[in-house]
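To start, the structure itself, in structure tokens.
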Amino acid sequence: MEKKAISIACRMDSERAIKLTKKIFEFLVKKGEIVHLETRISPKIFPHYGKDLNEMTSKNTKFIISIGGDGTILRVANSLSQDDPPPILGVNIGSIGFLDESNERNIFSDLNRALNEEFIIEKCSKITPYIIKNDEEYKLDNALNEILVISSKSTKVLLISVKIDGTFLNRSYLDGVIVSTSVGSTAYNLSAGGSIVKPSLDIMQLTPLNSFARSGLKPIILPIDSEVEIQILRHRLDADIVIDGQKSIRNISPKTIVKIRKANSYSKFIRFSRNLSDNYFRRLRKKIIGTIRVPLDDSPEEESNSHF
């Protein structure tokens, strides 16, 4: 059986990321590993080691190292083969990097653990938007985090109709609406007032953006196999669809229907923990919620009570 390669992708606009990519490449080659570089980065390191992301599957790739932040992971996850993608090991050099498992300081010890298969795999569902126009259905790219339907004009609010599994739910004036996965619940969805959802709960979440008074649409959590239907209703006002903050489909005309369903694809992540629950809550506490240092003997000031 042919030996599987380890692949590397990174941010192109960060000299820090490129330098770290070179170090990781050299480290893996010394370990006797076959290494592939994402095509766009290979000319900066070794041109003959390039491979397109969409050619990488779990059949030819042990795992892919993504060097950057959450944006890099989203780009990599949606550019890999969607049929059978390899697991992703995220290395954070940005600010938050919630989806990342490693960083500059720990990456080489973490790589030793990965090479020894001392990890577990987190499998995450994705969602897919479809545009329905003139009775024709057009499939768009999958999303790992969220699909955003938003007004094309920032000064004008959309009027949309929402159906869930074919049943009418609501008609609302709003800036836009987010449909997120459980993985994406800690991203734009959270900033918009949606709930944090543990990824082991396989759901999609619908979260309105700035609903007009009395419109009534509120955040709602749905099973992942639901179908969310959003129809653009306001005359002379187009909408944009934004997938994972990376790809935009602009000027979706009124009367167009956008349907969102569970994708026939997953993303997989390498996690160095005893179990996925422990890993998730550690990352959540460290990177999203935060903590404050409180003395263990902290107590309220003693009250002075008066008795009659």
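In summary, region 37-131 shows an alpha-carbon radius of gyration equal to 1.11 times the 2.2 N^0.38 Å reference for compact globular proteins. What percent does the relative contact order of the chain come to when contacts are Cα pairs within less than 8 Å and at least six residues apart? Once divided by the residue count of the chain, the mean separation gives 17 percent.
Taking the convex hull of the alpha carbon positions in the chain and averaging its projected area over all directions gives 23.6 nm². On the basis of the beta-carbon distance and an R0 of 30 Å, Arg214 and Ile164 show a calculated FRET efficiency of 0.90.
Result for the chain in a Gaussian network model with C-alpha springs under 10 Å: among Asp83, Asp238, Asp141, the largest mean-square fluctuation is at Asp83. Computed from the alpha carbon atoms alone, the convex hull of region 81-240 holds 142 Å³ per residue.
Put +1 on the Cβ of each Lys and Arg and -1 on the Cβ of each Asp and Glu in region 213-295; which of Gln231, Asn275, Ser248 then has its Cα farthest toward the positive end of the dipole? Most positive-ward Cα: Asn275. Here the dipole of region 211-256 is about 340 debye; that uses its Cα centre as origin and unit charges on the Cβ of Lys and Arg (positive) and Asp and Glu (negative). This model, with +1 at the C-beta of Lys and Arg and -1 at the C-beta of Asp and Glu, gives the chain a dipole about its Cα centre of some 700 debye. Here the Kirkwood formula, the inverse mean of 1/r across different C-alpha pairs, assigns region 174-254 a hydrodynamic radius of 13.6 Å. Restricting region 1-45 to GluC sites (Glu not before Pro) that sit in a DSSP loop and have at most 11 other Cβ atoms within 10 Å of their own Cβ leaves Glu2.
Give me the net charge of Ile243's neighbourhood, meaning all other residues with Cβ under 9 Å from the Cβ of Ile243; Lys, Arg count +1, Asp, Glu -1. Result for the neighbourhood of Ile243: -2. Taking a Cβ cut-off of under 15 Å around Arg75, the surrounding Lys, Arg, Asp and Glu residues balance to a net charge of -4, with basic ones at +1 and acidic ones at -1.
Ligands, DNA and RNA left out, the accessible area of the chain computed with a 1.4 Å probe is 48% carbon and sulfur. Taken about its Cα centre, region 89-238 carries a charge dipole of about 900 debye when Lys and Arg each add +1 at the Cβ and Asp and Glu each add -1 at the Cβ. Three principal axis extents describe the C-alpha atoms of region 95-178; from largest down they are 53, 30, 22 Å.
Here Lys44 and Asn103 are evaluated by their C-beta separation; at R0 = 25 Å the FRET efficiency comes out at 0.70. Between the listed residues Phe98, Tyr49, Ala5, the Cα displaced farthest toward the positive end of the dipole of the chain, a dipole computed from Cβ unit charges relative to the Cα centre, is found at Tyr49. Charge tally around Ile18: other residues with Cβ under 9 Å, Lys/Arg +1 each, Asp/Glu -1 each, net +4. Between the amide H of Ala5 and those of Thr61, Lys62, distances stay under 5 Å, these residues lying 5 or more places away or on another chain, with hydrogens modeled in the peptide plane. With all protein chains kept in place, the per residue accessible area of the chain amounts to 53 square angstrom at a probe of 1.4 angstrom.
The values are calculated or read from the model by the stated rules, or taken from the named source; none is laboratory data. Everything numeric here is computed off the predicted structure, so don't read it as measured data. Backbone-built Cβ (ideal geometry, glycine too); neighbour counts: all protein chains shown. Ligands, DNA and RNA are stripped out before the accessible areas are found, and what is left, the full protein with its side chains, is counted by its heavy atoms. Shrake-Rupley method; radii C 1.70, N 1.55, O 1.52, S 1.80 Å.
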